[in-house]
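Peer 1: My structure is below; once you've seen it, I'll send some questions.
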Amino acid sequence: MWFGQNRLKRNDRRCPSRDLNFTPLDWANHKSPYRRIRHMINIFKSSTIQRLSFPELSLTASIAMALGYYNEIVASGATEMITISPTAFGGATTAVGILAGFRLNASYG
């Protein structure tokens, strides 16, 4: 018996799945030493991964592949590659880090 057989079926990929009950057999299955392998096999069936896969993950991956293709194939010496300056990258990551820190601090207060 696989963990989560008693789950409610989702109407849409945006709806989270929920367990109806957690029986002793489910608890024993949860404590199994092979649970991490089972989780890795079923990772693409999880509601979180399905919600992230489209459009966020697919859009980010397609932009990254397009930039990689352009920089490696199209701009290999003939034209300039698309790059970002280290100063702009450092400033953007610093700003994101500060905002994430404020967000984390606000969640505790």
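Peer 1: Would you kindly state how much longer the chain becomes between Phe44 and Lys31 on full extension, computed as 0.36 nm times their sequence separation minus their alpha carbon distance, in nm to one decimal?
Peer 2: 2.5 nm
Peer 1: Hey, how many Å between the Cα centroid of segment 24-66 and the Cα centroid of segment 81-109?
Peer 2: About 27 Å separates the Cα centre of segment 24-66 from the one of segment 81-109.
Peer 1: Turning to a different aspect of this structure: Between Tyr69 and Ile98, what length comes free when the chain is fully extended (0.36 nm per residue of separation minus the Cα-Cα distance, one decimal in nm)?
Peer 2: Gain on extension, Tyr69 to Ile98, equals 7.2 nm.
FYI, it's all coordinate maths here, none of it is from the lab. No experiment lies behind these values; they were computed from the predicted model shown.
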